[in-house]
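Data block below; observations after.
The values are calculated or read from the model by the stated rules, or taken from the named source; none is laboratory data. Since this is a predicted model, take the numbers as computed values, not measurements. Counting neighbours? That spans all protein chains shown, and the Cβs are built from the backbone with ideal geometry, glycine included. Protein only, heavy atoms only, side chains kept; ligands, DNA and RNA dropped before computing areas. Shrake-Rupley method; radii C 1.70, N 1.55, O 1.52, S 1.80 Å.
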Amino acid sequence: MKKSEKKAKNLALQEEIKQLILKKRLSAGDLMPTENELMEYLNVSRSSLRESVKSLEALHILDIRHGVGTFISESSLTPMIQSLAFHTQLQLQNNIKYLLDILDIREILQYGFAPLAIANISDGEIDQLQQLSLELQQLARKNLFSNELEYKIHLQTYQAIHNPLLSQYLDAFWQIFNLQEENLPAITLSAQEVALHYREWVDAVEARDVNRFQHAVLLYFRTLRQRLQKKEKENEHN
């Protein structure tokens, strides 16, 4: 069998397995039928079935637990993150537009969901944001900064919406940019200026002032976009 034919059969079998999952109305965390049951139902060999199941595990559709069974995976954007991160690295060699396109999507999501975040965030969640902001300010007094604290402020703000898909996308885009951080020009703001920005961000959330919060969101993206545009100009001269 030619390699292309084998690949096509593997993809077709993956699709059959996915359709079987939907037909049986299985959900994330549910146990799949046994290997023998799947072989009989799909009329395939053990080796072909295992190859397709392995492929679906790589896509985070299935979760193989040796000695226990195969389960339906929880929703995950890991394959997308890995693919986007790799292609972003390729594009960064001579074209920053790929990363700018991702930035546009991030900005639209965070700006657009700002009213819902403000409407749904609890007093307890705001207290947590204030604590994160305070930790940033304490670091800034030592001229230090924490990407991890910045990440937590972004995610904590929007987790109040209780939209798992949004949280996964924001987390995915954040990870992609974090992977590229060392390839970008250094941020021009001091640690103190960044800490003050996030103090304003959190204070706007606490005041439940949508316009003020959206302004803070736009300011964050304007600063990041300036760094990308600087990288774009550097690429043009290389």
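In the full protein context, the chain carries 59 Å² of accessible surface per residue, based on a 1.4 Å probe and ignoring ligands, DNA and RNA.
For the stretch 155-238, the relative contact order comes to 29 percent (Cα pairs under 8 Å, sequence separation of at least 6). For the residues Lys142, Lys152, Lys23, a GNM of the chain with alpha-carbon springs under 10 Å puts the largest fluctuation on Lys23. Round to the nearest 0.05 the FRET efficiency obtained for Lys142 and Leu218 when R0 = 35 Å and r is the Cβ-Cβ distance. With R0 = 35 Å, the Cβ-Cβ based efficiency is 0.75.
If you wrap the tightest convex hull around every Cα atom of the stretch 1-93 and split its volume per residue, you get 117 Å³. If R0 is taken as 41 Å, the Cβ-Cβ distance between Met39 and Leu90 corresponds to a FRET efficiency of 0.55.
Among the listed pairs Lys18/Lys54; Lys24/Lys54; Lys97/Lys142; Lys54/Lys152, those whose Cα-Cα separation exceeds 24 Å are Lys97/Lys142; Lys54/Lys152. Just Arg50, Arg222, Arg199 to compare: in a GNM of the chain, with alpha carbon springs under 10 Å, which one fluctuates most? Of Arg50, Arg222, Arg199, the Gaussian network model singles out Arg50 as fluctuating most.
For the chain, modelled as a Gaussian network with Cα springs under 10 Å, which listed residue fluctuates most, Tyr41, Tyr98, Tyr198? With Cα springs under 10 Å in the chain, the top fluctuation among Tyr41, Tyr98, Tyr198 is at Tyr41. Relative contact order of the chain: 21 percent, from C-alpha pairs under 8 Å at least 6 residues apart in sequence. When a/c reaches 1.5 or more, the comparison of a/b and b/c decides; with that in mind, is the stretch 71-208 rounded, prolate or oblate per its Cα gyration tensor? It is oblate, given that a/c is not under 1.5 and a/b is not larger than b/c. Take the Cα of Leu26, step 7 Å toward its Cβ, do the same at Ala119, and the gap between the two points is 3.8 nm. Seen from every direction in turn and averaged, the convex hull around the alpha carbons of the chain projects onto 17.4 nm². Element breakdown for the stretch 130-212 at a 1.4 angstrom probe: carbon and sulfur atoms account for 49% of the accessible area. Separation of the stretch 1-43 from the stretch 104-136 is 41 Å, based on Cα centroids.
With a cut-off of 17 Å on the backbone N, the residues of the stretch 107-122 near the modelled label site 7 Å out from Glu200 along Cα-Cβ are 111.
Between beta-carbons, use under 12 Å as the cut-off and find the net charge around Val205, counting Lys and Arg +1, Asp and Glu -1.
Working: positive: Arg199, Arg208, Arg212; negative: Asp123, Glu125, Asp127, Glu200, Asp203, Glu206, Asp209.
Result for the local shell: -4.
What residues of the stretch 104-132 lie in the reach of a label at Asn235, counting those whose backbone N is under 15 Å from a point 7 Å from the Cα along Cα→Cβ? Within reach of a label on Asn235, which here means backbone N under 15 Å from a point 7 Å along Cα→Cβ, the stretch 104-132 contributes 104. Restricting to Cα pairs below 8 Å that are 6+ residues apart, what does the relative contact order work out to for the stretch 93-230? Please round to a whole percent. Across the stretch 93-230, relative contact order equals 39 percent.
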